[in-house]
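Contents: one structure, followed by commentary.
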Amino acid sequence: MRLLKAMRTMADVAGELEALILLAVRGEARPLPPGLPVADLGVDDAQLIPITHAVRARCDRAAQDNEKVAGFRELTQGIVELATALSRHWVVVYVHCEFWAGDGIHAAIAWHRGSVIFGPRFTSTPGERAEAPYEIADRPDMAINAALRAVGIRAERSADEFATAGLDRHRWTSEWVAQPDAG
């Protein structure tokens, strides 16, 4: 019983999110490729594609490349190819964060019309040890908040951009697939 309670407590203070966030561009947005899980973020027609093991495998297989992108812990060339292709008709932001009890890391990069428009940026909270290329940043300047600001998402009065975009709705990438509006 104690072990189960400890595991629940751990899950409540920890998390990892890896996703592509897609922002519709007036007159440009197109349907997404079939077979990808998609969740509606509920802000500015934003959509989220959680980077699950299945999505990563599909992208890496299609690109015939599973090499990690320099500096990133999880981003592969296959995911970059998907993001670049989607950015022809959407603004696409790749986000990755890991946290434990409020401390953690963020990585972000964004594309539009096939080109990088933000980043890459790598940040760690002041309570986390920053190893290159990660830099210490306070919450408002964490990579994901900065990327979302760069593509037009503005923080609401009592929240940062991460929460305003609804990314705090789930702590784990897999939970985005399990929600009712994930495709």
Of ALA155, ALA137, which residue is of a type outside the set (D, E, K, R), in contact with a Ser or Thr (Cβ under 9 Å, 6 or more places away or on another chain) and under 29 Å from LEU36 (Cα atoms)? ALA155
Any residue that is aliphatic (A, V, I, L, M), assigned to a helix (DSSP H, G or I) and buried (at least 17 other Cβ atoms within 10 Å of the Cβ) - is there at least one of those in region 172-183? yes
In the set ILE153, ILE144, the lone residue that is assigned to a loop (DSSP other than H, G, I, E, B), buried (at least 18 other Cβ atoms within 10 Å of the Cβ), in contact with a Leu (Cβ under 9 Å, 6 or more places away or on another chain) and at pLDDT 90 or above is ILE153
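The values are calculated or read from the model by the stated rules, or taken from the named source; none is laboratory data. Owing to the predicted nature of the structure, the values given are computational and were not obtained by experimental measurement. We place every Cβ from the backbone using ideal geometry, glycine too, and count neighbours over all the protein chains shown.
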